[in-house]
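The values are calculated or read from the model by the stated rules, or taken from the named source; none is laboratory data. Bear in mind that the values here come from a model prediction, so they are computed numbers and not experimental data. Quick reminder, even Gly has a Cβ in these numbers, built from the backbone with ideal geometry, and neighbours come from all protein chains shown.
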Amino acid sequence: MRRPDQHGRSGQGTSLAAWLPVLAAMGIMVTGCLSAVVVLQLDAFRPKLGDIVAFRPASQDADSWQMTIPARIVAAPGRAPADCTLDPNVMAKDGGSLVVEQRQDAPDLLYQVHWSGAHTAPARSRQDCGATADLLVSRTDLQRLANAAGGFGVGDKGIAR
């Protein structure tokens, strides 16, 4: 006796097995293309020259941030660079702002920012950057500072509660 279903199933199984690698390759290519698009879109969110991070004094919407950001003071030619600390809680106490002045791509992605305000660390601390300073900070640290201040810009950045 002949089984009619046996021939039909073997033909369908072979065609599905032949298409499976093609479908997998197409899935990998689509994933790669979408990943490239996402990375290019994220580049649009990086800080730009002229961006401002404003710390408003005695802000009602300020949250307490338990972090300190390392920074390097840009030294004048012939002087050794110094390190200091940026504490968002201290910076927000009396207010101040950071302005993005320059981006350095090599050897690491660093931003040169200008700080203007009272203090960046507790008063009389050796880690205080001073009332005004040109500083180098990493992209992630600059983003953390912006998050602590409520974002980039000087407008109303109130937090909805």
Check your understanding: Scanning for something assigned by TED's automatic domain parsing to the domain that holds Pro57, closer than 21 Å to Lys48 by Cβ, touching a Leu at 6+ places or on another chain (Cβ under 8 Å) and part of a helix (DSSP H, G or I), does the stretch 128-140 turn up at least one residue?
Key -> yes
Review point. For the stretch 65-89, how many residues meet the condition of being of a type in the set (Lys, Arg) and touching a Cys at 6+ places or on another chain (Cβ under 8 Å)?
Key: 1
**Study point:** Candidates Ser59, Ser64, filtered to the one that is surrounded by 15 or more Cβ atoms within 10 Å (Cβ to Cβ) and at pLDDT below 80
**Key:** Ser59
Practice item. Only one of these is among the aliphatic types (A, V, I, L, M), assigned to a loop (DSSP other than H, G, I, E, B) and surrounded by 13 or more Cβ atoms within 10 Å (Cβ to Cβ): Ala54, Ala121, Ala75. Name it. Key: Ala121
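Please enumerate the residues belonging to the stretch 78-99 that are surrounded by fewer than 20 Cβ atoms within 10 Å (Cβ to Cβ) and part of a strand (DSSP E or B).
Within the stretch 78-99, Ala82, Asp83, Thr85, Ser97, Val99 meet the criteria.
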Exercise for review: Working only within the stretch 108-118, note down all residues that are outside any strand (DSSP E or B) and farther than 16 Å from Thr140 by Cβ.
Suggested key: Ala118
Revision key, fill the gap. Residue pairs qualifying under the 9 Å Cβ cut-off, at least six apart or on distinct chains, with the first in the stretch 100-118 being farther than 14 Å from Leu145 by Cβ and assigned by TED's automatic domain parsing to the domain that holds Ala76 and the second being aromatic (Phe, Trp, Tyr) and part of a strand (DSSP E or B), are Glu101/Tyr111; Gln102/Tyr111; Arg103/Tyr111; Gln104/Tyr111
Exercise for review: Output the residue which, of all residues in the stretch 16-51 that are modelled with pLDDT under 75 and aliphatic (A, V, I, L, M), is surrounded by the fewest Cβ atoms within 10 Å (Cβ to Cβ).
Suggested key: Ala44
